[in-house]
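This report concerns only the one structure given below.
The values are calculated or read from the model by the stated rules, or taken from the named source; none is laboratory data. Computed from a prediction, not measured in an experiment: that's the story for all the values here. Here the Cβ positions follow ideal geometry from the backbone for every residue, glycine too, while neighbour counts run over all protein chains shown.
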Amino acid sequence: MNTSLQRFRQWNDKPSVGYLTRLVLFELEQVISIEPVGMEVTSSGIMLVAGAKGVLFEFSQKVCTWQETKVDDEVGELYTENIEMQVYGQNKALLSWLYANQARRFIGFWRDTNGECFMAGNKDNGLRYQYRRAITDRSMIQVSIAGKFTQPSYFLDSSFINTVQFQQF
């Protein structure tokens, strides 16, 4: 009997801390096309309108996470993307941006503490956000950015996140 095995093992012996350090959002209207190759998108595979400006969130340790879940439903396989961030304090500029952009959809690009980059969304379907703010034992704004897609998040060439212009919070 002939058999073959595909082997998976831990490739990196160091702990892999799983928080996000950077999140970039572009409104869907600013995206011309995204052309993945397999499970990866390179900088040359992302076409934005001339002069497109994204929004950049940079995080200190342990305040932003990402989770992807595959679900099967009546339309087939769907991938739910969810990014959760906590911004401490009541940042007026961030609140103004959240109020002004509530109805918009976004393409998201992010980098984790290990330097891995990913993206979610496509020209026809983007991420949306909800937020809440509270003053309890901490004053904070909690933002949840989510979307459902027919494909999982793509790996992203890290040079893209470093080369675009941003409005920074």
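So that you can scan it fast, the table gives a plain yes or no per residue for (1) of a type outside the set (Phe, Trp, Tyr); (2) assigned to a loop (DSSP other than H, G, I, E, B); (3) without any contact (Cβ under 8 Å) to a residue 60 or more places away in the chain:
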position	(1), (2), (3)
67	yes, no, yes
104	yes, yes, no
111	yes, no, no
119	yes, no, no
129	no, no, yes
132	yes, no, yes
145	yes, no, no
161	yes, no, no
The stretch 19-64, subset surrounded by fewer than 14 Cβ atoms within 10 Å (Cβ to Cβ) and among the hydroxyl-bearing types (Ser, Thr, Tyr), residue nearest to residue 93 (Cα to Cα): 60
Filter result for residue 56 (closer than 24 Å to residue 161 by Cα, over 19 Å from the mean Cα position of the chain (by Cα) and either at pLDDT 95 or above or not in a loop (DSSP other than H, G, I, E, B) (or both)): no
Residue that is nearest to residue 122 (Cα to Cα) [pool: residues in the stretch 64-89 that are modelled with pLDDT of 90 or more and among the charged types (D, E, K, R)]: 81
Residue count, the stretch 80-111 (criterion: loosely packed, with under 13 Cβ neighbours inside 10 Å and under 21 Å from residue 19 (Cβ atoms)): 2
Complete set of residues in the stretch 112-135 that are surrounded by 17 or more Cβ atoms within 10 Å (Cβ to Cβ) and closer than 17 Å to residue 152 by Cβ: 112, 117, 118, 119, 120, 121, 122, 126, 127
So residue 144, is it more than 26 Å from residue 48 (Cβ to Cβ), surrounded by 11 or more Cβ atoms within 10 Å (Cβ to Cβ) and among the hydroxyl-bearing types (Ser, Thr, Tyr): no
Unmet requirement for residue 9, which otherwise passes all of (1) at pLDDT 90 or above; (2) over 30 Å from residue 134 (Cα atoms); (3) charged (D, E, K, R): (1)
Candidate set from the stretch 121-145 (those that are more than 16 Å from residue 57 (Cα to Cα) and within 14 Å of the chain's Cα centre (by Cα)); member that is modelled with the highest pLDDT: 126
Residue 160 vs. criteria surrounded by fewer than 18 Cβ atoms within 10 Å (Cβ to Cβ), touching a Phe, Trp or Tyr at 6+ places or on another chain (Cβ under 7 Å) and hydrophobic (A, V, I, L, M, F, W, C): no
